[in-house]
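Asks: I'd like to ask you about the structure that follows.
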Amino acid sequence: MIVALLVSTGAAWEAGALAALNAHPGVVVLKRCVDVEDLLAAASAGRADVAVLAADLSGLDATVVADLHGHGVRVVAVAADPDPATARTGRTGVDAVVGADEVGGLPDVLTGVTTGTSPGVPAEPAGAERPADAPPAGSPGRVVAVWGPAGAPGRTTVAIALAAELARRRLTTVLVDADPHGGAVAQHLGVLDEVSGLLSAARLVAAGTVAERLPEVQRRLSDRLRVVTGLPRPDRWPEVRPGALAAIVAAARSDAQVVLDTGFSLEHDAAADLGGRPQRNGLTVEAVTEADSVVLVGAADPVGLARLARAVTDLRELLDAPDLHLVVNRMRPSLGWREPDVVAMLRGFAPEAEVHFLPDDQVAVDRALVAGRTLLESGESALTRGVAGLVDAMAARRQALNSR
Ligand SMILES: Nc1ncnc2c1ncn2[C@@H]1O[C@H](COP(=O)(O)OP(=O)(O)O)[C@@H](O)[C@H]1O
Ligand SMILES: [Mg+2]
């Protein structure tokens with residue numbers, strides 16, 4: 001694994017560079033630094049293998065490059081015009097120069113300049129600080145897993161809206177993107193995902209420091225809402241070892257409510273068992289197993305409802321008696337459905353489950369998606385009111401169960 005630092009000063013090539021590095025399974029972008037000083041500070045932590053920066057970065061000289069080398073950090077410069085730049089950067093001692101239009105090849109260049117693999121992947125995420133207002137430990141939060149079958153029924157949309165609603169109620173909330181098929185929470189929320197929170201957190205688990213350091217890998221969206229972003233690309237799921245999510249959840253719930261966005265399948269891969277390989281769906285299974293409540297999201301159409309019913313059965317095969325809430329998402333008049341009929345049909349599969357409806361609200365969803373914000377941040381809507389109703393119903397259910 002190559003651990004990279006990127007000095008980000010707003011150049012046009014940076015987005016492409018970041019995308020190329022994030023897309024490569026052998027590279028982790030540890031931090032985006034704002035200038036040379038920031039870079040040297042990050043490099044002095046001794047965790048990075050290589051720095052990617054602009055050839056004309058202000059303050060970059062031979063001393064800086066020597067310092068970086070002293071910290072074991074190779075230097076790759078990106079230049080608008082590599083030829084004249086090579087002359088200048090050559091004097092500073094950088095290890096490679098890449099044209100601004102060649103940043104797609106950065107992963108290969110990084111592999112070239114770093115020697116072999118670094119032993120033990122460092123457990124050092126982006127330099128986020130622990131929020132000053134972090135509530136005291138000792139008041140464990142509840143864990144809600146938002147699950148749902150294939151067909152994009154709206155798991156991520158509901159998970160984000162649920163987390164935002166809990167935060168609005170002044171409950172500190174951590175939203176964890178645990179979808180083994182590739183995270184989408186960061187995109188939904190317009191988080192330029194320089195570091196995968198989930199992969200960073202998984203490394204903290206491996207290092208045994210997740211309980212203390214989880215706050216460092218969370219993105220802070222507001223006073224009360226934090227996000228652990230998901231996999232930067234689907235094929236990186238094996239890096240989250242079995243048990244890692246449970247440890248992350250345990251750390252997160254020590255002082256916050258936890259909402260988990262999950263994948264679409266709980267299916268057990270018997271072939272993987274035989275080969276001793278990890279289970280891709282293990283992450284989703286772990287999420288629903290760790291949860292106090294499961295919100296099962298299905299799409300309001302005939303296919304969606306059939307899948308929802310099937311999903312109830314899958315979940316029941318896995319868990320004994322989960323606190324289960326079925327959400328029929330994108331309900332709309334054009335279906336011509338009566339809610340009581342849908343409830344009756346679903347109760348046939350899950351007599352104990354609560355059934356909720358969320359409206360199809362393209363306007364609200366588009367507004368939030370385009371702005372890269374939560375539904376709530378982009379204003380009240382039928383959908384935010386529906387989610388508030390869901391949170392009310394979940395709380396009422398819990399009270400009823402507790403008083404029994
Ligand atoms: N209640 C809703 N009204 C309108 N559009 C919705 C609603 N819920 C989800 N969507 C849209 O459906 C698509 C899939 O939603 P998403 O939450 O990403 O699904 P999943 O996580 O299940 O794959 C997205 O484009 C999202 O904006
Ligand atoms: Mg999703």
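Asks: Would you point out the residue of the range 150-187, among those that are in a helix (DSSP H, G or I) and of a type outside the set (A, V, I, L, M, F, W, C), that is surrounded by the fewest Cβ atoms within 10 Å (Cβ to Cβ)?
Replies: In the first step, residues of the range 150-187 are kept if they are in a helix (DSSP H, G or I); the result is 155-168, 185-187.
Then drop every residue that is not of a type outside the set (A, V, I, L, M, F, W, C), which leaves 155-157, 165, 168, 187.
Details: Arg155: 26, Thr156: 24, Thr157: 27, Glu165: 24, Arg168: 19, Gln187: 17.
Step by step, filter the range 150-187, then rank; the result is Gln187.
Asks: Is there a residue being touching a residue at least 60 places away in the same chain (Cβ under 8 Å) and surrounded by fewer than 17 Cβ atoms within 10 Å (Cβ to Cβ) anywhere in the range 241-251?
Replies: Within the range 241-251, the first condition is being touching a residue at least 60 places away in the same chain (Cβ under 8 Å), and the residues that meet it are 245, 248-249.
With surrounded by fewer than 17 Cβ atoms within 10 Å (Cβ to Cβ) added as a condition, the list becomes none.
Scanning the range 241-251, I find no residue that is touching a residue at least 60 places away in the same chain (Cβ under 8 Å) and surrounded by fewer than 17 Cβ atoms within 10 Å (Cβ to Cβ), so the answer is no.
Asks: Determine whether Glu124 is acidic (Asp, Glu), over 20 Å from Gln362 (Cα atoms) and either at pLDDT below 95 or not assigned by TED's automatic domain parsing to the domain that holds Ala19 (or both). I'd like the intermediate steps shown before the answer.
Replies: Values: acidic (Asp, Glu): yes; over 20 Å from Gln362 (Cα atoms): yes; either at pLDDT below 95 or not assigned by TED's automatic domain parsing to the domain that holds Ala19 (or both): yes.
Taking the combined requirement at face value, the residue satisfies it.
Asks: Is it true that Arg74 is surrounded by fewer than 23 Cβ atoms within 10 Å (Cβ to Cβ) and basic (Lys, Arg)?
Replies: no
Asks: Could we say that Arg310 is under 22 Å from Thr156 (Cα atoms) and assigned to a helix (DSSP H, G or I) here? Talk me through it step by step, then tell me what you get.
Replies: On the way: under 22 Å from Thr156 (Cα atoms): yes; assigned to a helix (DSSP H, G or I): yes.
Yes; evaluated as a whole, the condition is true for this residue.
Asks: Please pick out the residue among Asp341, Asp301, Asp323, Asp361 that is buried (at least 20 other Cβ atoms within 10 Å of the Cβ) and either outside the structural domain of Ser222 (by TED's automatic domain parsing) or of a type in the set (Asp, Glu) (or both). Give the derivation first.
Replies: Details: Asp341 fails: buried (at least 20 other Cβ atoms within 10 Å of the Cβ); Asp301 fails: buried (at least 20 other Cβ atoms within 10 Å of the Cβ); Asp323 fails: buried (at least 20 other Cβ atoms within 10 Å of the Cβ).
Within the list Asp341, Asp301, Asp323, Asp361, the selection yields Asp361.
Asks: Which of the numbered conditions does Val28 fail, given that it passes all the others? Conditions: (1) within 22 Å of Gly104 (Cα to Cα); (2) surrounded by 15 or more Cβ atoms within 10 Å (Cβ to Cβ); (3) without any contact (Cβ under 8 Å) to a residue 60 or more places away in the chain.
Replies: It fails just one condition, (3).
Asks: So which of Asp101, Asp56, Asp67 ends up being surrounded by fewer than 20 Cβ atoms within 10 Å (Cβ to Cβ), part of a loop (DSSP other than H, G, I, E, B), out of contact with any Asp or Glu (no Cβ under 7 Å at 6 or more places or on another chain) and of a type outside the set (Ser, Thr, Tyr)? Reasoning before the result, please.
Replies: On the way: Asp101 fails: part of a loop (DSSP other than H, G, I, E, B); Asp67 fails: part of a loop (DSSP other than H, G, I, E, B).
The conditions single out Asp56.
Listed here are the residues, each with its yes/no results for (1) in contact with a strand residue (DSSP E or B) (Cβ under 6 Å, 6 or more places away or on another chain); (2) closer than 19 Å to Val158 by Cα; (3) not in a helix (DSSP H, G or I).
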{"site": "Val191", "(1), (2), (3)": "yes, yes, yes"}
{"site": "Arg203", "(1), (2), (3)": "no, no, no"}
{"site": "Glu212", "(1), (2), (3)": "no, no, no"}
{"site": "Ala251", "(1), (2), (3)": "no, no, no"}
{"site": "Asp255", "(1), (2), (3)": "no, no, yes"}
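Asks: Output the residues belonging to the range 143-175 that are among the charged types (D, E, K, R) and within 16 Å of ligand 2 (Cβ to nearest atom).
Replies: Just the residues of the range 143-175 that are among the charged types (D, E, K, R), to begin with: 155, 165, 168-170.
Once the filter is applied, which keeps residues that are among the charged types (D, E, K, R) and within 16 Å of ligand 2 (Cβ to nearest atom), the range 143-175 yields only Arg155.
Asks: Restricting to the range 357-381, and then to whatever is hydrophobic (A, V, I, L, M, F, W, C) and within 16 Å of ligand 2 (Cβ to nearest atom), can you tell me which residue is farthest from Asp392 (Cα to Cα)? Break it down stepwise before answering.
Replies: First, the residues of the range 357-381 that are hydrophobic (A, V, I, L, M, F, W, C): 357-358, 363-365, 368-371, 375-376.
Within this subset, residues satisfying the condition of being within 16 Å of ligand 2 (Cβ to nearest atom) are 358, 365, 368-369, 375.
Values: Leu358: 14, Val365: 21, Ala368: 23, Leu369: 25, Leu375: 17 Å.
So, considering only residues that are hydrophobic (A, V, I, L, M, F, W, C) and within 16 Å of ligand 2 (Cβ to nearest atom), the one farthest from Asp392 (Cα to Cα) is Leu369.
Asks: Please state which of the following conditions Pro140 fails to meet, knowing it meets all the rest: (1) away from ligand 2 (no atom under 16 Å from the Cβ); (2) at pLDDT 90 or above.
Replies: With (1) away from ligand 2 (no atom under 16 Å from the Cβ); (2) at pLDDT 90 or above applied to Pro140, the lone miss is (2).
Asks: Within 16 Å of ligand 2 (Cβ to nearest atom) and modelled with pLDDT under 95, is that true of Arg241?
Replies: It is false that Arg241 is within 16 Å of ligand 2 (Cβ to nearest atom) and modelled with pLDDT under 95.
Asks: When you look at Leu260, is it under 17 Å from the mean Cα position of the chain (by Cα), hydrophobic (A, V, I, L, M, F, W, C), within 15 Å of ligand 1 (Cβ to nearest atom) and closer than 20 Å to Glu165 by Cα, yes or no? Explain how you work it out, then say what you get.
Replies: Values: under 17 Å from the mean Cα position of the chain (by Cα): yes; hydrophobic (A, V, I, L, M, F, W, C): yes; within 15 Å of ligand 1 (Cβ to nearest atom): yes; closer than 20 Å to Glu165 by Cα: yes.
It is true that Leu260 is under 17 Å from the mean Cα position of the chain (by Cα), hydrophobic (A, V, I, L, M, F, W, C), within 15 Å of ligand 1 (Cβ to nearest atom) and closer than 20 Å to Glu165 by Cα.
The values are calculated or read from the model by the stated rules, or taken from the named source; none is laboratory data. Because the structure is predicted, anything quoted here is derived from the model rather than measured. Cβ sites come from the backbone with ideal geometry, for glycine too, and all protein chains shown count toward neighbours.
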